[in-house]
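I have placed the structure first, in the form of C-alpha coordinates, so that the comments after it can refer back to it.
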Amino acid sequence: MGRTSAELIDLTLAQAARLVKDRQVSPVELVDAALERIAAVDHRLKAYISVFADEARQVAKAAEIMTAAGHDLGPLHGIPIALKDNVATKGTRTTAGSKILSDWKPQRDATISTRLRQAGAIFVGKLNMHEFAWGGTSDNPHYGAVRNPWNTEHFPAGSSGGSGAAVAARTCYGAIGTDTGGSIRLPSAINGIVGLRPTYGRVSNHGIIPLAWSMDTAGPMTRTVEDCATMFGTMAGYDPNDPTTARAATCDYTAGLDQGVQGLRIGIIPGYFFHHLQPPVLAAVKQALDTLVGLGAQIVEVDIENIHGNISAQLTIESAEPSNYHQRWLRERPDDYGADVRGLLEIGEMLLATHYLQAQRYRTLLRNEFLDAFRKVDVFICPTLPFTATKVGEMTVVIENGVVEDMLSAIMQYTGVPSLTGLPSLNVPCGFDPNGLPIGMQIIGRPFDEATLFRAGAAYQSVTDFHGRAPKL
(Lines give C-alpha, C1' and ligand atoms only; values in the text may rest on other atoms or scores of the structure.)
Protein backbone atom coordinates (compact mmCIF):
# COMPACT_ATOMS: atom_id res chain seq x y z
CA MET A 1 0.00 0.00 0.00
CA GLY A 2 1.02 3.65 -0.10
CA ARG A 3 1.84 3.97 -3.79
CA THR A 4 0.76 7.10 -5.63
CA SER A 5 -1.73 6.98 -8.51
CA ALA A 6 1.10 7.82 -10.91
CA GLU A 7 3.11 4.86 -9.63
CA LEU A 8 0.10 2.56 -9.82
CA ILE A 9 -0.80 3.35 -13.43
CA ASP A 10 2.80 2.80 -14.48
CA LEU A 11 2.67 -0.82 -13.30
CA THR A 12 2.28 -3.46 -15.98
CA LEU A 13 -0.72 -5.77 -15.77
CA ALA A 14 1.44 -8.65 -14.54
CA GLN A 15 3.11 -6.50 -11.90
CA ALA A 16 -0.23 -5.20 -10.67
CA ALA A 17 -1.68 -8.72 -10.54
CA ARG A 18 1.22 -10.00 -8.45
CA LEU A 19 0.89 -7.08 -6.03
CA VAL A 20 -2.83 -7.72 -5.64
CA LYS A 21 -2.22 -11.41 -5.02
CA ASP A 22 0.39 -10.56 -2.36
CA ARG A 23 -2.00 -8.00 -0.81
CA GLN A 24 0.48 -5.19 -1.34
CA VAL A 25 -1.94 -3.27 -3.57
CA SER A 26 -5.72 -3.20 -3.38
CA PRO A 27 -8.06 -3.58 -6.40
CA VAL A 28 -9.74 -0.41 -5.13
CA GLU A 29 -6.46 1.48 -5.46
CA LEU A 30 -5.94 0.20 -9.00
CA VAL A 31 -9.45 1.11 -10.11
CA ASP A 32 -9.25 4.55 -8.50
CA ALA A 33 -5.92 5.18 -10.21
CA ALA A 34 -7.28 4.11 -13.60
CA LEU A 35 -10.42 6.23 -13.24
CA GLU A 36 -8.36 9.21 -12.11
CA ARG A 37 -6.15 8.79 -15.17
CA ILE A 38 -9.17 8.55 -17.49
CA ALA A 39 -10.57 11.76 -16.02
CA ALA A 40 -7.22 13.50 -16.43
CA VAL A 41 -6.38 12.61 -20.03
CA ASP A 42 -9.26 11.07 -21.94
CA HIS A 43 -10.89 14.40 -22.84
CA ARG A 44 -7.87 14.82 -25.12
CA LEU A 45 -7.86 11.25 -26.48
CA LYS A 46 -11.56 10.31 -26.74
CA ALA A 47 -10.58 6.69 -26.23
CA TYR A 48 -13.69 5.87 -24.17
CA ILE A 49 -17.33 5.85 -25.20
CA SER A 50 -18.54 4.77 -21.74
CA VAL A 51 -16.83 4.81 -18.35
CA PHE A 52 -18.17 2.55 -15.57
CA ALA A 53 -16.88 4.44 -12.55
CA ASP A 54 -19.50 3.45 -9.96
CA GLU A 55 -19.77 -0.16 -11.11
CA ALA A 56 -15.99 -0.60 -11.27
CA ARG A 57 -15.55 0.73 -7.73
CA GLN A 58 -18.23 -1.62 -6.40
CA VAL A 59 -16.61 -4.63 -8.06
CA ALA A 60 -13.20 -3.51 -6.81
CA LYS A 61 -14.48 -3.42 -3.21
CA ALA A 62 -15.83 -6.95 -3.61
CA ALA A 63 -12.51 -8.08 -5.08
CA GLU A 64 -10.67 -6.51 -2.15
CA ILE A 65 -12.86 -8.39 0.32
CA MET A 66 -12.25 -11.64 -1.53
CA THR A 67 -8.49 -11.06 -1.49
CA ALA A 68 -8.56 -10.39 2.25
CA ALA A 69 -10.46 -13.65 2.73
CA GLY A 70 -7.90 -15.58 0.70
CA HIS A 71 -10.00 -15.99 -2.44
CA ASP A 72 -8.44 -15.43 -5.86
CA LEU A 73 -10.65 -15.50 -8.97
CA GLY A 74 -7.76 -15.86 -11.39
CA PRO A 75 -4.88 -14.16 -13.19
CA LEU A 76 -6.77 -10.87 -13.62
CA HIS A 77 -8.17 -10.61 -10.10
CA GLY A 78 -8.73 -6.93 -9.34
CA ILE A 79 -7.20 -5.66 -12.61
CA PRO A 80 -8.88 -2.74 -14.46
CA ILE A 81 -9.56 -3.74 -18.08
CA ALA A 82 -11.45 -1.96 -20.88
CA LEU A 83 -13.34 -3.48 -23.81
CA LYS A 84 -13.76 -2.36 -27.39
CA ASP A 85 -17.35 -1.25 -27.70
CA ASN A 86 -18.38 -3.98 -30.13
CA VAL A 87 -17.97 -6.59 -27.36
CA ALA A 88 -21.29 -7.16 -25.58
CA THR A 89 -21.56 -6.46 -21.87
CA LYS A 90 -24.81 -7.42 -20.17
CA GLY A 91 -27.03 -4.47 -19.29
CA THR A 92 -24.56 -1.81 -20.39
CA ARG A 93 -24.49 0.10 -23.64
CA THR A 94 -22.65 -1.57 -26.51
CA THR A 95 -22.59 0.77 -29.50
CA ALA A 96 -20.01 -0.71 -31.90
CA GLY A 97 -19.06 2.93 -32.37
CA SER A 98 -22.34 3.54 -34.21
CA LYS A 99 -25.44 5.69 -34.02
CA ILE A 100 -27.58 2.70 -34.98
CA LEU A 101 -26.67 0.80 -31.79
CA SER A 102 -26.25 3.88 -29.59
CA ASP A 103 -28.88 2.69 -27.09
CA TRP A 104 -28.40 -1.07 -27.34
CA LYS A 105 -27.99 -2.85 -24.01
CA PRO A 106 -27.31 -6.56 -24.54
CA GLN A 107 -29.15 -9.11 -22.43
CA ARG A 108 -26.02 -11.20 -21.98
CA ASP A 109 -22.25 -10.89 -22.05
CA ALA A 110 -20.09 -11.88 -24.97
CA THR A 111 -18.23 -15.08 -24.16
CA ILE A 112 -14.93 -13.26 -23.75
CA SER A 113 -16.58 -10.72 -21.40
CA THR A 114 -17.73 -13.62 -19.22
CA ARG A 115 -14.32 -15.27 -19.27
CA LEU A 116 -12.52 -12.06 -18.35
CA ARG A 117 -14.93 -11.47 -15.46
CA GLN A 118 -14.44 -15.06 -14.28
CA ALA A 119 -10.68 -14.44 -14.27
CA GLY A 120 -11.22 -11.44 -11.98
CA ALA A 121 -11.03 -8.53 -14.43
CA ILE A 122 -12.82 -5.31 -13.55
CA PHE A 123 -14.29 -3.42 -16.50
CA VAL A 124 -13.68 0.33 -16.26
CA GLY A 125 -15.23 1.23 -19.60
CA LYS A 126 -16.01 0.58 -23.25
CA LEU A 127 -13.64 1.91 -25.88
CA ASN A 128 -14.10 4.08 -28.95
CA MET A 129 -13.49 2.57 -32.37
CA HIS A 130 -14.01 3.02 -36.07
CA GLU A 131 -17.75 2.75 -36.67
CA PHE A 132 -18.76 -0.94 -36.84
CA ALA A 133 -15.00 -1.71 -37.03
CA TRP A 134 -15.06 -0.91 -40.78
CA GLY A 135 -12.05 1.34 -41.15
CA GLY A 136 -8.50 1.92 -40.06
CA THR A 137 -8.48 5.43 -38.54
CA SER A 138 -10.90 5.46 -35.54
CA ASP A 139 -12.08 8.86 -36.77
CA ASN A 140 -15.57 8.33 -35.41
CA PRO A 141 -18.30 10.81 -36.48
CA HIS A 142 -20.60 9.88 -33.59
CA TYR A 143 -18.24 9.74 -30.57
CA GLY A 144 -15.28 11.80 -31.74
CA ALA A 145 -11.98 11.04 -33.43
CA VAL A 146 -9.66 9.03 -31.20
CA ARG A 147 -6.24 10.65 -30.79
CA ASN A 148 -2.78 9.17 -30.52
CA PRO A 149 -1.32 9.73 -27.02
CA TRP A 150 2.21 10.11 -28.46
CA ASN A 151 1.01 13.11 -30.46
CA THR A 152 -2.66 14.05 -30.27
CA GLU A 153 -2.57 15.63 -33.71
CA HIS A 154 -2.02 12.13 -35.12
CA PHE A 155 -4.34 9.17 -35.51
CA PRO A 156 -4.25 5.98 -33.41
CA ALA A 157 -5.10 3.67 -36.36
CA GLY A 158 -8.04 1.34 -36.10
CA SER A 159 -10.46 -0.03 -35.88
CA SER A 160 -9.45 -0.68 -32.25
CA GLY A 161 -7.98 2.81 -31.92
CA GLY A 162 -9.57 3.46 -28.55
CA SER A 163 -8.08 0.25 -27.21
CA GLY A 164 -4.61 1.16 -28.44
CA ALA A 165 -4.76 4.71 -27.12
CA ALA A 166 -6.19 3.66 -23.75
CA VAL A 167 -3.45 1.12 -23.05
CA ALA A 168 -0.64 3.39 -24.22
CA ALA A 169 -2.00 6.27 -22.12
CA ARG A 170 -2.11 4.07 -18.99
CA THR A 171 -5.88 4.45 -18.48
CA CYS A 172 -6.28 0.67 -18.14
CA TYR A 173 -3.91 -2.25 -17.67
CA GLY A 174 -5.12 -4.11 -20.74
CA ALA A 175 -7.81 -3.87 -23.37
CA ILE A 176 -9.72 -6.05 -25.78
CA GLY A 177 -9.62 -5.30 -29.49
CA THR A 178 -11.01 -7.06 -32.51
CA ASP A 179 -9.04 -7.77 -35.66
CA THR A 180 -10.36 -8.53 -39.13
CA GLY A 181 -7.84 -6.98 -41.49
CA GLY A 182 -5.41 -5.67 -38.87
CA SER A 183 -7.53 -3.85 -36.31
CA ILE A 184 -5.60 -5.06 -33.26
CA ARG A 185 -2.12 -5.05 -34.75
CA LEU A 186 -2.35 -1.68 -36.51
CA PRO A 187 -3.32 0.39 -33.44
CA SER A 188 -0.88 -1.63 -31.34
CA ALA A 189 1.96 -0.65 -33.67
CA ILE A 190 0.85 2.97 -34.03
CA ASN A 191 0.44 3.40 -30.24
CA GLY A 192 3.57 1.49 -29.21
CA ILE A 193 1.97 -1.46 -27.40
CA VAL A 194 1.67 -5.24 -27.76
CA GLY A 195 -1.36 -6.74 -29.50
CA LEU A 196 -2.27 -10.27 -30.54
CA ARG A 197 -4.44 -11.44 -33.40
CA PRO A 198 -5.09 -15.05 -32.37
CA THR A 199 -5.43 -17.99 -34.74
CA TYR A 200 -8.87 -17.86 -36.36
CA GLY A 201 -11.09 -20.03 -34.17
CA ARG A 202 -8.92 -19.78 -31.06
CA VAL A 203 -11.10 -17.15 -29.31
CA SER A 204 -14.88 -17.00 -29.34
CA ASN A 205 -16.64 -14.29 -31.35
CA HIS A 206 -19.97 -15.00 -29.65
CA GLY A 207 -21.51 -11.70 -28.57
CA ILE A 208 -19.22 -9.53 -30.70
CA ILE A 209 -20.74 -7.38 -33.46
CA PRO A 210 -19.26 -8.88 -36.64
CA LEU A 211 -17.44 -7.18 -39.45
CA ALA A 212 -16.37 -10.00 -41.78
CA TRP A 213 -17.19 -13.28 -40.07
CA SER A 214 -14.69 -15.44 -41.97
CA MET A 215 -11.78 -13.31 -40.72
CA ASP A 216 -12.99 -11.76 -37.43
CA THR A 217 -10.93 -12.40 -34.29
CA ALA A 218 -10.68 -10.86 -30.82
CA GLY A 219 -7.54 -10.50 -28.76
CA PRO A 220 -5.68 -8.70 -25.98
CA MET A 221 -3.84 -5.39 -26.24
CA THR A 222 -1.33 -4.65 -23.48
CA ARG A 223 1.95 -2.94 -22.71
CA THR A 224 4.12 -6.06 -22.51
CA VAL A 225 4.21 -9.55 -23.99
CA GLU A 226 3.85 -11.03 -20.51
CA ASP A 227 0.66 -9.02 -19.99
CA CYS A 228 -0.65 -10.14 -23.38
CA ALA A 229 0.02 -13.80 -22.63
CA THR A 230 -1.67 -13.44 -19.23
CA MET A 231 -4.84 -11.97 -20.71
CA PHE A 232 -4.89 -14.38 -23.63
CA GLY A 233 -4.85 -17.42 -21.37
CA THR A 234 -8.14 -16.32 -19.82
CA MET A 235 -9.85 -15.84 -23.21
CA ALA A 236 -8.72 -18.70 -25.42
CA GLY A 237 -10.57 -21.94 -25.91
CA TYR A 238 -13.55 -23.68 -27.44
CA ASP A 239 -17.00 -22.14 -27.02
CA PRO A 240 -20.13 -24.18 -27.84
CA ASN A 241 -21.91 -20.90 -28.58
CA ASP A 242 -19.51 -20.19 -31.45
CA PRO A 243 -19.27 -23.01 -34.01
CA THR A 244 -16.17 -21.43 -35.57
CA THR A 245 -14.11 -22.02 -32.43
CA ALA A 246 -11.71 -24.94 -32.52
CA ARG A 247 -11.34 -27.73 -29.98
CA ALA A 248 -7.58 -27.18 -29.99
CA ALA A 249 -5.82 -27.48 -26.64
CA THR A 250 -4.77 -24.32 -24.81
CA CYS A 251 -1.92 -23.93 -22.34
CA ASP A 252 -0.33 -21.59 -19.82
CA TYR A 253 0.92 -19.02 -22.29
CA THR A 254 3.20 -17.40 -19.71
CA ALA A 255 5.09 -20.63 -19.01
CA GLY A 256 7.63 -20.37 -21.85
CA LEU A 257 8.32 -16.65 -21.83
CA ASP A 258 11.86 -17.10 -20.53
CA GLN A 259 12.95 -19.83 -22.97
CA GLY A 260 14.67 -17.43 -25.33
CA VAL A 261 15.07 -17.78 -29.09
CA GLN A 262 18.20 -19.88 -29.40
CA GLY A 263 17.77 -21.85 -32.63
CA LEU A 264 14.48 -20.20 -33.54
CA ARG A 265 14.12 -20.03 -37.34
CA ILE A 266 12.77 -16.64 -38.46
CA GLY A 267 11.36 -16.53 -41.96
CA ILE A 268 11.53 -13.39 -44.06
CA ILE A 269 10.19 -12.76 -47.56
CA PRO A 270 12.74 -10.30 -49.01
CA GLY A 271 10.71 -9.33 -52.06
CA TYR A 272 7.68 -8.36 -49.99
CA PHE A 273 8.36 -7.84 -46.29
CA PHE A 274 11.01 -5.15 -46.82
CA HIS A 275 9.60 -3.47 -49.89
CA HIS A 276 7.49 -0.29 -50.07
CA LEU A 277 7.86 1.13 -46.55
CA GLN A 278 9.11 4.31 -44.92
CA PRO A 279 12.86 4.32 -44.12
CA PRO A 280 12.50 4.59 -40.31
CA VAL A 281 10.19 1.55 -40.32
CA LEU A 282 12.63 -0.45 -42.41
CA ALA A 283 15.54 0.50 -40.16
CA ALA A 284 13.70 -0.34 -36.94
CA VAL A 285 12.50 -3.77 -38.06
CA LYS A 286 15.91 -4.72 -39.49
CA GLN A 287 17.52 -3.68 -36.19
CA ALA A 288 14.97 -5.84 -34.36
CA LEU A 289 15.93 -8.81 -36.52
CA ASP A 290 19.60 -8.18 -35.76
CA THR A 291 18.74 -8.15 -32.06
CA LEU A 292 16.97 -11.51 -32.31
CA VAL A 293 19.88 -12.98 -34.27
CA GLY A 294 22.16 -11.76 -31.50
CA LEU A 295 20.01 -13.77 -29.07
CA GLY A 296 20.52 -16.94 -31.10
CA ALA A 297 17.77 -16.90 -33.74
CA GLN A 298 18.43 -17.73 -37.39
CA ILE A 299 17.17 -15.86 -40.47
CA VAL A 300 15.78 -17.98 -43.31
CA GLU A 301 14.76 -16.42 -46.61
CA VAL A 302 11.51 -17.84 -47.97
CA ASP A 303 9.66 -17.35 -51.23
CA ILE A 304 5.86 -17.20 -51.06
CA GLU A 305 5.00 -17.21 -54.74
CA ASN A 306 1.48 -15.75 -54.56
CA ILE A 307 1.78 -13.28 -51.70
CA HIS A 308 1.33 -10.17 -53.84
CA GLY A 309 -2.42 -10.66 -54.29
CA ASN A 310 -3.30 -10.50 -50.62
CA ILE A 311 -4.50 -6.88 -50.35
CA SER A 312 -6.97 -7.25 -53.22
CA ALA A 313 -8.37 -10.50 -51.83
CA GLN A 314 -8.64 -9.10 -48.33
CA LEU A 315 -10.48 -5.98 -49.44
CA THR A 316 -12.88 -8.10 -51.50
CA ILE A 317 -13.84 -10.34 -48.58
CA GLU A 318 -13.80 -7.48 -46.08
CA SER A 319 -16.19 -5.54 -48.32
CA ALA A 320 -18.64 -8.30 -49.25
CA GLU A 321 -19.24 -9.80 -45.81
CA PRO A 322 -19.95 -6.53 -43.92
CA SER A 323 -22.33 -5.40 -46.66
CA ASN A 324 -24.27 -8.62 -46.22
CA TYR A 325 -24.55 -8.10 -42.45
CA HIS A 326 -25.59 -4.45 -42.80
CA GLN A 327 -27.95 -4.91 -45.73
CA ARG A 328 -31.17 -4.17 -43.83
CA TRP A 329 -29.87 -1.19 -41.86
CA LEU A 330 -28.27 0.22 -44.98
CA ARG A 331 -31.70 0.36 -46.62
CA GLU A 332 -33.73 1.42 -43.58
CA ARG A 333 -31.29 3.81 -41.85
CA PRO A 334 -28.68 4.90 -44.41
CA ASP A 335 -28.30 8.39 -42.95
CA ASP A 336 -27.33 6.99 -39.54
CA TYR A 337 -23.99 5.75 -40.88
CA GLY A 338 -20.90 7.91 -41.14
CA ALA A 339 -20.15 8.84 -44.73
CA ASP A 340 -17.01 6.70 -45.00
CA VAL A 341 -18.58 3.52 -43.63
CA ARG A 342 -21.75 3.98 -45.64
CA GLY A 343 -19.64 4.36 -48.78
CA LEU A 344 -17.68 1.18 -48.06
CA LEU A 345 -20.87 -0.77 -47.42
CA GLU A 346 -22.38 0.46 -50.68
CA ILE A 347 -19.25 -0.53 -52.58
CA GLY A 348 -19.44 -4.00 -51.03
CA GLU A 349 -22.90 -4.51 -52.47
CA MET A 350 -21.55 -3.99 -55.99
CA LEU A 351 -19.11 -6.89 -55.82
CA LEU A 352 -19.96 -9.97 -57.84
CA ALA A 353 -20.18 -13.45 -56.35
CA THR A 354 -17.33 -14.42 -58.67
CA HIS A 355 -15.11 -11.75 -57.07
CA TYR A 356 -15.85 -13.09 -53.60
CA LEU A 357 -15.33 -16.73 -54.56
CA GLN A 358 -12.08 -15.97 -56.34
CA ALA A 359 -10.82 -14.19 -53.22
CA GLN A 360 -11.73 -17.20 -51.10
CA ARG A 361 -9.91 -19.52 -53.49
CA TYR A 362 -6.86 -17.27 -53.30
CA ARG A 363 -6.80 -17.32 -49.51
CA THR A 364 -6.76 -21.13 -49.54
CA LEU A 365 -3.80 -21.04 -51.93
CA LEU A 366 -1.94 -18.50 -49.78
CA ARG A 367 -2.61 -20.41 -46.55
CA ASN A 368 -1.27 -23.62 -48.05
CA GLU A 369 1.89 -21.83 -49.21
CA PHE A 370 2.49 -20.54 -45.69
CA LEU A 371 1.77 -23.90 -44.07
CA ASP A 372 4.30 -25.46 -46.42
CA ALA A 373 6.84 -22.74 -45.53
CA PHE A 374 6.46 -23.51 -41.82
CA ARG A 375 8.36 -26.73 -42.44
CA LYS A 376 11.44 -24.53 -42.85
CA VAL A 377 10.77 -21.79 -40.29
CA ASP A 378 9.15 -21.36 -36.87
CA VAL A 379 7.87 -17.79 -37.31
CA PHE A 380 7.84 -15.03 -39.89
CA ILE A 381 8.77 -11.45 -39.00
CA CYS A 382 7.91 -8.30 -40.94
CA PRO A 383 6.81 -4.71 -40.26
CA THR A 384 3.28 -4.39 -38.91
CA LEU A 385 2.53 -1.52 -41.27
CA PRO A 386 4.72 0.41 -43.70
CA PHE A 387 4.36 3.88 -42.15
CA THR A 388 3.99 5.65 -38.82
CA ALA A 389 0.99 7.64 -37.61
CA THR A 390 -0.40 10.27 -39.96
CA LYS A 391 -2.44 13.26 -38.82
CA VAL A 392 -6.08 12.88 -37.78
CA GLY A 393 -8.40 13.23 -40.77
CA GLU A 394 -5.87 12.37 -43.45
CA MET A 395 -6.98 9.55 -45.76
CA THR A 396 -3.81 9.38 -47.82
CA VAL A 397 -0.22 8.60 -46.95
CA VAL A 398 3.22 9.04 -48.51
CA ILE A 399 5.33 5.91 -48.11
CA GLU A 400 8.15 6.39 -50.61
CA ASN A 401 9.25 8.60 -53.49
CA GLY A 402 6.70 11.31 -52.62
CA VAL A 403 3.84 9.25 -54.05
CA VAL A 404 0.46 9.88 -52.39
CA GLU A 405 -1.47 6.64 -51.72
CA ASP A 406 -4.84 5.59 -50.36
CA MET A 407 -4.52 4.90 -46.64
CA LEU A 408 -6.91 1.93 -46.40
CA SER A 409 -5.08 -0.30 -48.86
CA ALA A 410 -1.58 0.82 -47.79
CA ILE A 411 -2.25 0.22 -44.12
CA MET A 412 -3.03 -3.48 -44.67
CA GLN A 413 0.08 -4.31 -46.69
CA TYR A 414 1.46 -6.66 -44.04
CA THR A 415 -1.47 -7.35 -41.71
CA GLY A 416 -3.56 -8.83 -44.52
CA VAL A 417 -1.44 -11.97 -44.68
CA PRO A 418 -2.46 -13.43 -41.27
CA SER A 419 -6.01 -12.15 -41.75
CA LEU A 420 -6.46 -14.14 -44.94
CA THR A 421 -4.59 -17.24 -43.83
CA GLY A 422 -6.06 -17.40 -40.32
CA LEU A 423 -2.57 -17.45 -38.79
CA PRO A 424 -1.79 -15.88 -35.39
CA SER A 425 0.31 -12.72 -35.32
CA LEU A 426 1.72 -10.51 -32.61
CA ASN A 427 2.71 -6.84 -32.77
CA VAL A 428 5.71 -5.92 -30.64
CA PRO A 429 7.04 -2.33 -30.36
CA CYS A 430 10.48 -2.07 -31.96
CA GLY A 431 11.32 1.62 -32.23
CA PHE A 432 10.30 5.19 -32.93
CA ASP A 433 10.56 7.40 -35.98
CA PRO A 434 12.40 10.79 -35.87
CA ASN A 435 9.16 12.45 -34.72
CA GLY A 436 8.83 10.15 -31.72
CA LEU A 437 6.01 8.04 -33.19
CA PRO A 438 6.06 4.29 -32.48
CA ILE A 439 7.02 1.52 -34.90
CA GLY A 440 5.96 -2.12 -34.57
CA MET A 441 7.09 -5.46 -35.93
CA GLN A 442 4.72 -8.32 -36.65
CA ILE A 443 5.56 -11.90 -35.65
CA ILE A 444 3.48 -14.49 -37.54
CA GLY A 445 3.20 -18.09 -36.37
CA ARG A 446 1.77 -21.50 -37.11
CA PRO A 447 -1.92 -22.17 -36.43
CA PHE A 448 -2.60 -22.38 -32.68
CA ASP A 449 1.06 -21.71 -31.83
CA GLU A 450 0.59 -18.39 -30.06
CA ALA A 451 3.03 -19.62 -27.39
CA THR A 452 5.97 -19.34 -29.79
CA LEU A 453 4.96 -15.78 -30.70
CA PHE A 454 4.96 -14.85 -27.02
CA ARG A 455 8.30 -16.58 -26.52
CA ALA A 456 9.92 -14.59 -29.36
CA GLY A 457 8.33 -11.32 -28.29
CA ALA A 458 9.34 -11.78 -24.66
CA ALA A 459 12.93 -12.52 -25.66
CA TYR A 460 13.04 -9.30 -27.65
CA GLN A 461 11.53 -7.27 -24.81
CA SER A 462 14.03 -8.73 -22.36
CA VAL A 463 16.82 -6.77 -24.08
CA THR A 464 14.95 -3.67 -25.32
CA ASP A 465 12.97 -0.92 -23.61
CA PHE A 466 10.59 0.36 -26.30
CA HIS A 467 7.63 -1.22 -24.49
CA GLY A 468 8.57 0.57 -21.28
CA ARG A 469 8.42 4.10 -22.66
CA ALA A 470 5.34 6.21 -22.00
CA PRO A 471 3.78 9.09 -23.93
CA LYS A 472 3.94 12.48 -22.23
CA LEU A 473 0.36 13.61 -21.85
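At a glance:
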quantity	calculated
Selected residue [part of a helix (DSSP H, G or I) and at negative phi] from LEU365, LEU426, LEU385	LEU365
Out of GLY338, GLY343, sole residue that is surrounded by 17 or more Cβ atoms within 10 Å (Cβ to Cβ), over 30 Å from TYR460 (Cα atoms), within 27 Å of the chain's Cα centre (by Cα) and of a type outside the set (A, V, I, L, M, F, W, C)	GLY338
Of the criteria (1) under 23 Å from GLY309 (Cβ atoms); (2) modelled with pLDDT under 95; (3) part of a loop (DSSP other than H, G, I, E, B), which one GLY402 fails	(1)
Residues (under 21 Å from the mean Cα position of the chain (by Cα), outside any loop (DSSP other than H, G, I, E, B) and of a type outside the set (A, V, I, L, M, F, W, C)) located in segment 16-52	ASP42, TYR48, SER50
Pairs where the first residue, in segment 396-411, is free of Cβ contacts under 8 Å to residues at least 12 places away in the same chain and the second is surrounded by 16 or more Cβ atoms within 10 Å (Cβ to Cβ), C-beta under 7 Å, 6+ apart	THR396/GLU405; THR396/MET407; GLU405/VAL397; GLU405/ILE399
TYR253 vs. criteria of a type in the set (Phe, Trp, Tyr) and in a loop (DSSP other than H, G, I, E, B)	yes
Neighbours by Cβ (under 7 Å, 6+ apart or cross-chain): first from segment 356-377, among the acidic types (Asp, Glu); second exposed (fewer than 14 other Cβ atoms within 10 Å of the Cβ)	GLU369/GLU305; GLU369/ASN306
Residue list for segment 298-324, restricted to those being outside any strand (DSSP E or B), more than 19 Å from ILE208 (Cα to Cα), of a type in the set (Val, Ile, Thr) and modelled with pLDDT of 95 or more	VAL302, ILE304, ILE307, THR316
Filter result (in contact (Cβ under 8 Å) with a residue 24 or more places away in the chain, over 21 Å from VAL167 (Cα atoms) and among the aliphatic types (A, V, I, L, M)) within segment 60-109	ALA63, ALA68, LEU73, ILE100, LEU101
Hits in segment 427-473 (condition: among the hydrophobic types (A, V, I, L, M, F, W, C), over 16 Å from TYR253 (Cα atoms) and over 15 Å from the mean Cα position of the chain (by Cα))	CYS430, PHE432, LEU437, VAL463, PHE466, ALA470, LEU473
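The values are calculated or read from the model by the stated rules, or taken from the named source; none is laboratory data. Because the structure is predicted, anything quoted here is derived from the model rather than measured. Here Cβ is always computed from backbone atoms with ideal geometry, including for glycine, and neighbour counts include all displayed protein chains.
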